Amino acid sequence: MEILGENICFIIITAFILGGAFLATFLKDITSAAFSLFFTLFGIAGYYILLNSDFIAVTQVMVYVGGVLILIIFGILLTNRDFNHNPNTRLKKISVYLTSLVLFSIVLWPIITSKKLADNIKGDRYALALTSDIGEALTTDWIFNFILAGIVLLLILIASAFLIRRNDSSNGI
Amino acid sequence: MEFNKLSSLVSLFTEPGTQLEHYLFISGILFTLGLINCLLRNNAVGILIGIELILNSAILNFMAFWHFLPQGSDASPSGPLAAIFIIVLVACESAVALAMLLNLNFKSGTIEVDRANKMKN
Amino acid sequence: MNYITDDLNLNLVLSIFFLPACTLLILAFFKQYLFRRGDVLATIIMGFCLFFACQLLLNLLDTKSWTLVNQSFNWIKNTNLQGGILVDRLTCIMLVIITLVSFLVHLFSTKYMSGDIRYNRYFCYLLLFTTSMVGLVLANNLLFLFIFWELVGICSYLLIGHWYEKTSAYKAAIKAFIVTKIGDLGMIISLLICWQAVGSLQFVDIFTALQSDVLSGTTRTIFGLGLFFAALGKSAQFPLHVWLPDAMEGPTPVSALIHAATMVAAGVYLLARLFLVFDNETLLYVAYVGVITAIFAACLATVQTDIKRVLAYSTISQLGLMFLGIGVGVYSASIFHLGTHAFFKAGLFLGAGALIYGAQHEQSILKFGGLRRKMPKIAVCYLLCTLALVGFPLFSGFWSKEAILTGVLNFSSNGRLEDNSNFLVLASFATVFLTAFYMFRQFFLTFTGTPRDQEIYENAKDANWQMFVPLVVLSVLALVAGGVIDSSWFRNFYPQISLEQQIQSLTGIALELDNLVYTQGLLQAESSQQLVTVWSIALVFGGIIASSIFFYFNYGSNLNRFSAIFIYFDKLAKTVPNLLASGVNCFAKLITVFDNLILDKIITQGTTSFLNFGGSKLSLIQSGNVRNYFLFSIIGIIVLTILLTN
């Protein structure tokens, strides 16, 4: 029984991810939940390294850990933390868990039962994405999408600024 | 119904290398957890956390499928590209979400989504 | 189909149809910008249409062809439903009549209706009426004919109920609409049968099917009876005649339009157009219904006191004669009579309208008298049209009536009927007599003698030019339309053989049908013509003399006793439809019970209470709670996934 380092890495990273995700879901305190999300996001970056695309891993760390997570924490800090007046009812909890369970089994079902995947993954050559490949694709075949993404980003920037501005007149947003 | 794939989940501990199923399984768990987060958190920021989890599981799916499914010789790195675009969208989404959150806070003094029910009935 | 065409005739036809239609839209939408609310525009446009129709007629006379335009286009793709235009001699005659009467009625209305509260709307309706009638005669298939047939019906409803503030007016409108709808039931049945049996609604296909025995036997009989029933309602034949006298509630020019050119002519037109479809038994029904209506309405006309009602019953009577003509096979004579009748009946109605207008909207002839001194112009025109209607020698009505009567006499002397054959002849000649009697009764009571109501007499005024011009035109036509010396021009233009000639020119098939053979046989028996001439002249003079004895020289001053006989007819006339109506009423009550119990209580209220209950419960879901919505949408996704994967 020979186990590669890849397997070990995968197991460790998975432990990080799942632990973070469970904590983020079930911790009562929202700040702790946001911090435990850090482990999940970082672990997923590790997955990307295992999946042979370093660039995405770096992007994940930069955007998610460095951007989105910070944004979330800012959101927590900037808003009123006084709530939890009405905790969830038992009925609600049960229905949510039940629904999620059903959805999980639906998602899992093809993974467990389908045979096509099994045939396909026999190939030796796994895909590999060099940063230069991605750059080339973005500037040639995918240039339109790239530009579109840029435009969307710009629009969102303006829209967020518009949304967030303090308006003295009462009709707000 | 055969559950032969169940064994491939266990193969992580028996055979060298990871397989597609492992990633999909983890991504499914992440998705479900994100869903529960969205549904049970009363806090708007908590919902945002749930959405991040769900989107992450989606990106992970893209990457895993791209990596493990065989491709032609001149294939473009479609998985990473999809991931990049999704990440762009996620950045946008969280920016807008934060803006709305703060606005909600200014308006109603809380970010409890249950109390933002002016459209009731 | 290429809509822009070099065919002059097609262009003319399309202009006749589309000019009034477009003008109608202009009038309807831009009324405030138009001079005098657009009445001048409408009149001028109708004048153009008349010109085009005459041009069409001249072209037809030039080419001596049977069919001028025959264009079909696919109306709905991948079906056999085709639209199309057919212009033959019959259509040309109808077009000229329609546009002429419509034009004159428009001109007349500019004066008669001036100051009306819905002046603009009135002209819109007139234009729509004309358009639909033109469409009806242009159609080359039953479907289009049916569409325009219904449009004509709705227009008559709108126009009869023009003064809907009056209870009697809107009741009359509803009555006209419903009674004609009863007839249209037969039309729908015919359409369905035709579609089932022939697979097409084109006239040409129907005639071809007749020849190839596709449409024969019982199918053909039911088809013919359905069409006959539709014509019955439209042309106000017994027992569906009840709507026409009440239709007098509409403005008088509209009555002229309805009675002369548009509404009631449609039934006769339908029978003449599809004459070949009817087998001999159906034609016999047509003949008997026609003659019964003719004499029945003539009797009723002798006791009416409303000037317009007399004319209405006379219309029913004359239409009965046309039906009789078609029933005995002389469809050419019927169309001839339709044309001449259109002229003098329009003249009479417009004359009555001018009279009523000049007499402060008084309509009872018992209050008139001696008006010829006050209204000489109207009196002369009215006399001319009356003479034409009663069939005074050398007037147009004389020739057309004579043609029909000759056909009737030939029919009965040909011996196809074992018994009762004399009934048709006697009844039709009696109608001639009665027509002369009641028309001159009306004329004498109105225009001669001493004034019975001084106030009306003093204030009466003659027609001005807008009223006078139509009267003169129509009176002259009533005089000459039949041909002054003899009526051979019409027999040459639209002879008894024109239907089969036309079909032969269209399809190349020589039709040999039982009713055709029969009518051709009639043509050879011209011997009875002189007999008819002598008798009809004698009867007309007899009627006029009888009438003058009673009403001019005022013998037998006890008028009431004389007319008491006919009062019974009037009662009978009301009884038959009343019986029918009470039967329908019982049925309606049954349906009402059904409606109240089952539909209202169970279905309607049950549904509403169920919906109310469900709604109140479902609104609980709409809590405004975003997370609940999200949960529901997730459940929806799950259900969808399960459904889709299976």
Largest-first principal axis extents, alpha carbons of chain C, Å | 100, 64, 53
Could you go through region C:261-268 in sequence order and give the Karplus-derived ³J(HN,Hα) for each residue, using 6.51 cos²θ - 1.76 cosθ + 1.60 with θ = phi - 60°, rounded to whole Hz, and x for Gly and Pro?
-> 10, 9, 5, 6, 5, 4, x, 5
So, in Å, what gap is there between the alpha-carbon centers of region C:316-342 and region C:532-548?
-> 20
Calculate the length of the line joining the C-alpha centroid of region B:93-113 to that of region C:347-364, in whole Å.
-> 81
Once the Cβ-Cβ distance between C:Ile635 and C:Val469 is put in as r, and R0 is 60 Å, what FRET efficiency do you end up with, to the nearest 0.05?
-> 0.15
Quick one: Karplus J couplings for region C:322-339, per residue in order, coefficients 6.51, -1.76, 1.60, θ = phi - 60°, nearest Hz, x for Gly and Pro?
-> 4, 4, 4, x, 5, x, 8, x, 8, 5, 4, 5, 5, 5, 4, 5, 4, x
Please get the size of the charge dipole for chain C, origin at its Cα centre, with Cβ charges of +1 on Lys and Arg and -1 on Asp and Glu, quoted in debye to the nearest 20.
-> 1820
Residue by residue through region C:531-539, which ³J(HN,Hα) values in whole Hz follow from phi under the Karplus form 6.51 cos²θ - 1.76 cosθ + 1.60 (θ = phi - 60°), with glycine and proline marked x?
-> 4, 4, 4, 4, 5, 5, 4, 4, 5
Can you list, bin by bin at 5 Å, the percent of alpha carbon pairs in region A:1-85, starting at 0?
-> 3, 15, 20, 21, 16, 11, 7, 4, 2, 1, 1
If amide H atoms are built 1.01 Å from N in the plane of the peptide, which residues on other chains or at least 5 residues away come under 5 Å of the amide H of C:Gln82?
-> C:Trp75, C:Leu201
Longest segment of chain C with no GluC sites (Glu not before Pro) in a DSSP loop having at most 12 other Cβ atoms within 10 Å?
-> C:166-417
Helix C:217-234: inclination vs chain C longest Cα principal axis, degrees, rounded to 10, gives 70
On a C-alpha basis, how far is the centre of region C:127-156 from the centre of region C:21-88 in Å? Whole number, if you could?
-> 12
So which trypsin sites (Lys or Arg not before Pro) in region C:363-402 are both in a DSSP loop and have at most 16 other Cβ atoms within 10 Å of their Cβ?
-> C:Arg373
Between the Cα axis of helix C:626-645 and the main Cα principal axis of chain C, the angle (0 to 90°, nearest 10) is 80
Over chain C, the sum of -39500 (n - 2.57) across DSSP H runs of at least four, divided by residue number and rounded to 500 deg cm²/dmol, gives at 222 nm -24500 deg cm²/dmol
Which residues qualify? For C:Leu68, with a placed amide H closer than 5 Å and at least 5 residues away or on another chain, they are C:Val87, C:Asp88
Pairs over 24 Å Cα to Cα, from C:Lys234/C:Lys367; C:Lys181/C:Lys589; A:Lys92/B:Lys107, come to C:Lys234/C:Lys367; A:Lys92/B:Lys107
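Since every read-out is calculated from the coordinates, none of them should be taken as a lab result. All values reported here derive from a predicted model rather than from experimental measurement. Heads up, the Cβs are rebuilt from the backbone with ideal geometry, glycines too, and the neighbour counts pull from every protein chain shown.
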